[in-house]
1. From the list 29, 69, 49, which residue is outside any helix (DSSP H, G or I) and at pLDDT 85 or above?
2. Of all residues in segment 36-46, which are modelled with pLDDT of 90 or more and either at positive phi or in a helix (DSSP H, G or I) (or both)?
3. Assess whether residue 86 counts as being loosely packed, with under 12 Cβ neighbours inside 10 Å and at pLDDT 90 or above.
4. What about residue 61, is it on the phi > 0 side of the Ramachandran plot and surrounded by fewer than 19 Cβ atoms within 10 Å (Cβ to Cβ)?
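The values are calculated or read from the model by the stated rules, or taken from the named source; none is laboratory data. Everything numeric in this text was worked out from a predicted model, so none of it was measured. Cβ placement follows ideal geometry from the backbone for every residue including glycine, while neighbour counts extend to all protein chains displayed.
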């Protein structure tokens, strides 16, 4: 049985690199980070059903669906705006649709 998939994050803010490296070693994002972040998801239903980062705090009543800033479709289509300032923490939570991850990375770097 293979081990957990590595987690990757992409940021355009170089001053966040040390914190990014620390978070990239975590299997789940610390809840304090989730609380401070503008959270985008691959799909609302998929993430809230499968992602422990958001599923567990939702079940415990500490996180609610309306705290999600938008899904990948809303973000990519311009229905929702992404990072509003360089100091913001933006968390994109995916549950494994690799094609969507690739499209997101391409959009960020193009």
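1. Details: 29 fails: at pLDDT 85 or above; 49 fails: outside any helix (DSSP H, G or I).
Answer to the check: 69.
2. Passing the criteria: only 44.
3. No.
4. The answer is yes for residue 61.
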